[in-house]
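Please read the structure below before turning to the comments.
The values are calculated or read from the model by the stated rules, or taken from the named source; none is laboratory data. Please read these numbers as outputs of a predicted model, since none were measured by experiment. Here the Cβ positions follow ideal geometry from the backbone for every residue, glycine too, while neighbour counts run over all protein chains shown. Ligands, DNA and RNA are stripped out before the accessible areas are found, and what is left, the full protein with its side chains, is counted by its heavy atoms. Shrake-Rupley method; radii C 1.70, N 1.55, O 1.52, S 1.80 Å.
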Amino acid sequence: MTETLAASRSRSDRRRWWALAATCFGLLMALLDVTVVNVALPVIQKDLNAGFSDLQWVIDAYTIALAVFLVTAGRLGDIFGRKRVFMTGLGVFTAGSLLCALSGNFTVFGFSHIQLLWGARVIQGLGGSVMLPLSLAIISATFEGRERGMAIGFWGSTAGLATAVGPVVGGFLVEKVSWQSIFYLNVPIGVIGILVATWAIRESRDEGVPRSVDVFGLATVTVGLFCLVLALIQGENKGWGSAYIITLFVVAGISLVIFVVGELLIKNPMVDPRLFKNRSFTGAAITAFALSSGLYALFLFLTLYLQNSLGFSALETGLRLLPLSGMVLFAAPVAGALTGRIGPRPVLFTGMVLLTIAVFLMTRISPQDQQSDWVILLPSFFIAGLGSGIVNPPLSTVAVSTVGAARAGMASGVNNVCRQVGIAFGVAFWGAILTNRYNGYVHDKILALDVPRLSGGIRHRIIEGVQNAGTTAGSTALKQAPPRFQHMPGFSQIQQIARASFIDGTVDIFRLAAIMLAAGALAAIVLIRRSDLVGASQGAGESGRDGKPEIDPLLGGIALTYLSRRLENLDGDSPNLEAAAASLVPAEEGSARERARKAGRQIIEPLAVRMLLDGVRERRGGNLHDKT
């Protein structure tokens, strides 16, 4: 019998690690798809005859769907079972990937190829919004103690790997196979992930979670974000003062106001606006938004510059972006260690300042650049990768450490929503500014063009034609212009003007993006306080409020570890302990014993680990309790 039990335990151990592999498959797909698509956009634009705004929607259709459903997906997993919902999300993402790959081969109901691609990207985003939060929730439910830390570390490494290799993988597939292959790749991975998940992941759910989904919040925030992004993308073409654009802005504003008011009144909201009463949480949210809109949203414009303006292939572009993504892997572990030692605020501020410098250095590109001049971006890429790696770990720490354990999942979800909304907003906002500046530069430069045979009427027709061709055509120096235009007087100069106008407009948005990142740095240093963090240390060796010395952190950590083990193994013999621990978790989250065990896992155990680390470091002479 002992041998049977040992064999069963061994099989269970193997399945746990296979479950980790399945969840990491899902995470890899969702994050890899964000980075591989960027380098494919110029090829997609040519193949599907798409405009600049069409490319913006290829990105924003995914990020908006991902953002609006992210928090709700976690709730669905708690209610219906994390394994079941995760596998559903994995299946939806795989189906969306297949539709993305096929979108260039057929049309239906009068929709164009690019519009079908948008719809397929929405489906991908919905699947990704399920996989991202539930992959970590499944890991937390599957592993315990030290193994949980190892598993989460592997999960984090997978996220970093996806970010680092995405541009290179995407560039290789686009150049050697086709742009469709970046989506076809997800299909076998998704099928394998579903099969492994079926066998390896055990079902888990939260019996104490409210059995309702905030449909009101989901609907209002979706309408608000969609109308806002649509107005930003179409504003230049439709006219910023047109009734259509004004109506979109009004609907967006009203929807988002209704969303906030409604969430305050609903018993179990998707997002509780009261979270933002904590200034550190607000600071982390602003910083997350600034990071995504000020850096990650720029990847579209960097790709257009490298591929269209300098003439690099997709693979060559991916390789040149590798320093930016690769430095994240190096900087993230260092940032995590620094956050535990000196607190998140100085680490966040330093990272955001580095990002500000990096993006400002990108403004050194010019219309005179040739392929060899791409190296002017190399310092920016290294600094941006370093800054991004430094910012992300403390940003997540602040998001979940400003609230109690019962709302940590919501807080983490809201912070991730701020990141995704930042990308969607940044792509739309910077794109609108780029189009506006491009049109302005084209107008001024062509009017100033020294070609005597071009009359005023002809100049204005040329201006209109170049502007209507769009910024992506300008980025290629009008290489796809019809032959009849290529033989007209001064066409080579007009080509130079179009390319210069695109690059000058790109420099303008880089400057504004640097300002956005500087605002994020300011929010981090002004709003985030260590005193707002749950369980923040009060200072080594200091006296308590009653003048008595505080408990030794090492002894306290040992005691709390013992207490968390007692709570995990409650069997009714300690009713007072059970009642005291249960009082730390809201009553609606289950029975007293379930809440006591949850308090042990989510509140007492993390505090014990923190105190043990502080105690060990204190004995090594580390300055562990610097106040920020």
_Hey, Ile258 modelled with pLDDT of 85 or more, over 24 Å from Gln124 (Cα atoms), among the β-branched types (Val, Ile, Thr) and more than 26 Å from the chain's Cα centre (by Cα) or not_ = no
*Looking only at the range 529-540, decide whether some residue is among the basic types (Lys, Arg), open to solvent by 10 Å² or more (accessible area, probe 1.4 Å) and at pLDDT below 75.*
no
*Would a scan of the range 355-371 turn up a residue that is open to solvent by 50 Å² or more (accessible area, probe 1.4 Å), touching a residue at least 60 places away in the same chain (Cβ under 8 Å) and either farther than 23 Å from Ala288 by Cβ or not in a helix (DSSP H, G or I) (or both)?*
yes
*Restricting the search to the range 233-269, which residues are out of contact with any Asp or Glu (no Cβ under 9 Å at 6 or more places or on another chain) and not in a helix (DSSP H, G or I)?*
Gly239, Trp240, Gly241, Ser242, Lys267
*asked:* Suppose the filter is surrounded by 22 or more Cβ atoms within 10 Å (Cβ to Cβ) and touching a residue at least 40 places away in the same chain (Cβ under 8 Å); does Trp199 pass it?
replied: no
*Kindly list the number of the only condition in (1) within 14 Å of the chain's Cα centre (by Cα); (2) more than 30 Å from Thr303 (Cβ to Cβ) that fails for Leu27.*
(2)
*Only one of these is touching a Pro at 6+ places or on another chain (Cβ under 9 Å), in a helix (DSSP H, G or I) and aliphatic (A, V, I, L, M): Leu55, Leu41, Leu66. Name it.*
Leu55
*Answer from Thr350, Thr339 - the residue that is buried (at least 17 other Cβ atoms within 10 Å of the Cβ), assigned to a helix (DSSP H, G or I), in contact with a helix residue (DSSP H, G or I) (Cβ under 9 Å, 6 or more places away or on another chain) and at pLDDT below 80*: Thr339
*asked:* Any residue in the range 258-269 that is free of Cβ contacts under 8 Å to residues at least 60 places away in the same chain and open to solvent by 30 Å² or more (accessible area, probe 1.4 Å) sitting within a Cβ distance under 9 Å of a residue that is part of a helix (DSSP H, G or I) and among the acidic types (Asp, Glu)? List the pairs, counting only those 6 or more apart or interchain.
replied: Asn268/Glu588
*Just for the range 304-341: of the residues that are hydroxyl-bearing (Ser, Thr, Tyr) and within 30 Å of Ser401 (Cα to Cα), which one is farthest from the chain's Cα centre (by Cα)?*
Thr339
*asked:* Criterion first (at pLDDT below 65 and part of a helix (DSSP H, G or I)) does Leu522 satisfy it?
replied: no
*Any chance the range 312-334 includes a residue that's in contact (Cβ under 8 Å) with a residue 24 or more places away in the chain, surrounded by fewer than 23 Cβ atoms within 10 Å (Cβ to Cβ) and part of a loop (DSSP other than H, G, I, E, B)?*
yes
*Phe93 versus (1) open to solvent by less than 40 Å² (accessible area, probe 1.4 Å); (2) at pLDDT below 85: which is the lone unmet condition?*
(2)
*Picking from Ala120, Ala151, Ala101, which residue would you name as being surrounded by fewer than 24 Cβ atoms within 10 Å (Cβ to Cβ) and touching a Gly at 6+ places or on another chain (Cβ under 7 Å)?*
Ala120
*Could you list, in sequence order, all residues of the range 283-297 that are open to solvent by 30 Å² or more (accessible area, probe 1.4 Å) and more than 19 Å from Phe69 (Cα to Cα)?*
Ile286, Tyr296
*Out of the range 23-41, which residues are at pLDDT below 85 and hydrophobic (A, V, I, L, M, F, W, C)?*
Cys24, Phe25, Leu27, Leu28, Met29, Ala30, Leu31, Leu32, Val34, Val36
*When the range 221-244 is examined, which residues are found to be on the phi < 0 side of the Ramachandran plot, free of Cβ contacts under 8 Å to residues at least 40 places away in the same chain and surrounded by fewer than 20 Cβ atoms within 10 Å (Cβ to Cβ)?*
Val223, Lys238, Trp240, Gly241, Ser242, Ala243, Tyr244
*What single numbered condition from (1) among the β-branched types (Val, Ile, Thr); (2) outside any helix (DSSP H, G or I); (3) open to solvent by 60 Å² or more (accessible area, probe 1.4 Å) fails to hold for Thr88?*
(2)
*Name the residues in the range 17-38 that are of a type in the set (A, V, I, L, M) and either farther than 21 Å from Arg202 by Cα or touching a Pro at 6+ places or on another chain (Cβ under 8 Å) (or both), would you?*
Met29, Ala30, Leu31, Leu32, Val34, Val36, Val37
*Pairs under 9 Å by beta carbon, first residue under 14 Å from Arg419 (Cβ atoms) in the range 65-78, partner not in a helix (DSSP H, G or I), six or more apart or different chains?*
Val71/Asp214; Val71/Met270; Val71/Val271
_Single condition Gly208 does not satisfy, out of (1) at pLDDT below 70; (2) assigned to a helix (DSSP H, G or I); (3) over 25 Å from Val421 (Cα atoms); (4) open to solvent by less than 20 Å² (accessible area, probe 1.4 Å)_ = (2)
